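Contents: one structure, followed by commentary.
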Amino acid sequence: MTAEQADRKTDIRSLSREELTEELGRMGQPAYRGGQIFRWLHEKQASSFDEMSNLPLSLRGRLEQDYELCPLRIVEVKVSALDGTRKYLFGLSDGNVIESVLMRYKYGNSVCISSQVGCRMGCRFCASTLDGLVRNLRPSEMLDQVYQIQKDTGERVSHVVVMGSGEPLDNYDHLLRFIRLLTDENGIRISQRNLTVSTCGLVPQMLQLAEEKLQITLALSLHASGDEVRRTLMPVANRYRLEEVLKACRTYFEKTGRRVSFEYSLVKGVNDSLAEASALAALLKDQHGHVNLIPVNPIKERDFRQSERKTVEAFKNCLEKNGIHVTIRREMGRDINGACGQLRRSYLNEKE
């Protein structure tokens, strides 16, 4: 442990109710104080200890001394003229920046959050990974993306997808704690069924997540019907073959009863042929899940191009004819660098 780590105050928003109660007990405080503080942190989303008006001044002073509250700072907000999607660039207490997206649907507001600063998975079509992994986000930093967007818009968030920058299962322990806090009945009470976690296919962590028996949706970034093409798009495919990954998906369904979403980014001339569609249908015929087709959002650092609309429709029709449930993801925020990592990267480039 470094001296800096030893001197760092405890990140209070990342603590569970039980842990808060224990901490307060060690201070000689009654047990109910833990519940009060938890509600201030997660239901009322306090950004300072001074806001906790039903706590004694002496306790607020002690909290200020021993714990840290590091709310995210809004650096930039871009609003799509096409669909009202809002893309946020948030500043962290250490000077790093991350991004989140608010998307409005008929069923409610959905927020896509980041789980890491950068990413080390190296997927070829994603801007998040271009500069590698800087660090994992703490549970509080994942939560505060949702909280700050609610504060900024004055609107409730009903759905959360962990599909922004980073590989969530590469930050497994913090992800799990985030899920517990986000869905706690004394917080903002988002249903586990309204939470989706994406992965590029880290098999050991997928199997570990299945054992948690949560009611969240697991989304697998698939993007190919075979290992050869998948390896050209996703370096993780060199570690885990599709056979292993899909076996983990079946295990997840068997353990949780929750079907898996298969994310498939269509890249012109790479994975969008009818032959690929037929092979994908054969690959997924025994899987309990559905395919979400995503016309790839081009980034300037790569030469990948988006498939034409007629190609996307033909791909979808082929899957449906073979009994696969499939949707085409509605494009959101195309005019504001809506894809993962684009806003953060343009901000860093401007700083340099």
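The fewest-to-most ranking of SER53, SER115 by surrounding Cβ atoms within 10 Å reads SER53, SER115. Every helix of 4 or more DSSP H residues in the chain counts as -39500 (n - 2.57), and over all residues that averages to -11000 deg cm²/dmol at 222 nm.
For the chain, what's the relative contact order in percent, using C-alpha pairs closer than 8 Å and at least 6 residues apart? Value for the chain: 15 percent. List the residues, sorted by chain then number, that are 5 or more residues from GLU167 or on another chain and whose placed amide H is less than 5 Å from its amide H. Counting only residues 5 or more places away or on other chains, the set is ARG120.
Peptide packing for 233-240, 130-137 was compared via the average number of neighbouring C-beta atoms within 10 Å per residue; ordered from the highest value, the list is 233-240, 130-137. Please report how far the C-alpha centroid of region 7-28 lies from that of region 201-222, rounded to the nearest whole angstrom. Centre-to-centre (Cα) distance: 29 Å.
Listed by Cβ neighbour count within 10 Å, with the fewest neighbours leading, ILE98, ILE179 appear as ILE179, ILE98.
Given a Förster radius of 51 Å and the C-beta distance between THR251 and LEU57 as r, what FRET efficiency does 1/(1 + (r/R0)^6) yield to the nearest 0.05?
Working: r = 53 Å, r/R0 = 1.03.
Result of the calculation: an efficiency of 0.45.
Using the alpha-carbon atoms, what tilt in degrees (0 to 90, nearest 10) does helix 203-212 show relative to the longest principal axis of the chain? Once rounded, the angle reads 50 degrees.
Near CYS200, the amide H atoms lying under 5 Å from its own belong to SER221; only residues 5 or more places off or on other chains count, and H is placed 1.01 Å from N. The angle separating the long axis of helix 172-182 from the principal Cα axis of greatest extent in the chain is about 70 degrees.
With 10 angstrom as the radius, rank PHE49, PHE38 by how many other C-beta atoms surround their C-beta, starting from the fewest. Before the final figure, lay out the partial values.
Numbers: PHE49 20, PHE38 23.
Arranged by neighbour count, lowest to highest, PHE49, PHE38 become PHE49, PHE38.
Between region 90-124 and region 249-325, what's the alpha-carbon centroid distance in Å? The distance from the Cα centre of region 90-124 to that of region 249-325 comes to 23 Å. Helix 17-26 sits at what angle to the longest principal axis of the chain, using alpha carbons and giving 0 to 90 degrees rounded to 10? Orientation of helix 17-26: about 30 degrees from the principal axis. Computed over neighbours whose Cβ is under 13 Å from that of GLY201, the net charge equals -1, Lys and Arg +1, Asp and Glu -1.
Every number in this text was worked out from the coordinates using simple rules, so none of it is lab data. Bear in mind that the values here come from a model prediction, so they are computed numbers and not experimental data. All Cβ positions, even for glycine, are placed from backbone atoms using ideal geometry, and neighbour counts span all protein chains on display.
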